[in-house]
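> Sharing a structure, written as structure tokens. Questions coming.
Laboratory data are not the source of any read-out in this text; all were calculated from the coordinates shown. Please read all numbers here as calculations on a predicted model, not as lab measurements. Positions of Cβ are backbone-derived with ideal geometry, glycine not excepted, and every protein chain shown enters the neighbour counts.
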Amino acid sequence: MPYIKTNKEVTMTTAGITKKKVFTADYEIHASVKMLYPYIQSASGLAEWFADDVTINNESKIYTFYWDNEGHPARQVAHRTNHFVRFEFLPENEEDERDPSYFELQLESNELTQSVFLKVTDYSGFDDMKELKDLWDGLIDSLRKTVGG
């Protein structure tokens, strides 16, 4: 499965306390932007490849991502239909209040080559960047199997 990806690692420090890193990677996916968008934005779409389960509270608009029976609440803080979505995890401590973790999924298409890329940006306190890369590689493989691309 060919795909192009780039990795960037940037360490951010807030007031000398929090060390979070930015992981970015680009993955080519053989599917249309309109087909992929529901898989990166909706709770049901994300539950098919990204997490064990995803629920949304319609009143508060809080998404809860479940991995290993543990819920991780997040708020969709930005989105543009058929382009991108950003989820910010709700703070677990004072440091997270000042500098919240988030992930962003952005769809980019190249009209000339008819290629579609999913750009992943993961800003978190995850220390092992190789393990994080392996995690995203596996998630994207799952997405590709789900959409047939």
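> Quick one: which of Asp68, Asp99 is of a type in the set (Asp, Glu) and surrounded by 14 or more Cβ atoms within 10 Å (Cβ to Cβ)?
Numbers: Asp68 fails: surrounded by 14 or more Cβ atoms within 10 Å (Cβ to Cβ).
The conditions single out Asp99.
Listed here are the residues, each with its yes/no results for (1) more than 19 Å from Ile140 (Cα to Cα); (2) hydroxyl-bearing (Ser, Thr, Tyr); (3) more than 13 Å from the chain's Cα centre (by Cα).
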{"position": "Ala51", "(1), (2), (3)": "no, no, no"}
{"position": "Glu59", "(1), (2), (3)": "yes, no, yes"}
{"position": "Ile62", "(1), (2), (3)": "yes, no, yes"}
{"position": "Tyr66", "(1), (2), (3)": "no, yes, yes"}
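> Would you check if there is a residue in region 129-141 being buried (at least 17 other Cβ atoms within 10 Å of the Cβ) and over 24 Å from Asp52 (Cβ atoms)?
No: zero hits.
> Taking region 25-65 as the region of interest, how many residues are crowded, with 18+ Cβ neighbours inside 10 Å, of a type in the set (Val, Ile, Thr) and touching a Gly at 6+ places or on another chain (Cβ under 9 Å)?
2
> Between residues in region 99-114 that are farther than 15 Å from Arg86 by Cβ and residues that are of a type in the set (Gly, Ala, Ser) and not in a loop (DSSP other than H, G, I, E, B), which pairs lie under 8 Å by C-beta distance while being six or more apart or on different chains?
Every condition considered, the pairs that remain are Ser109/Ser115.
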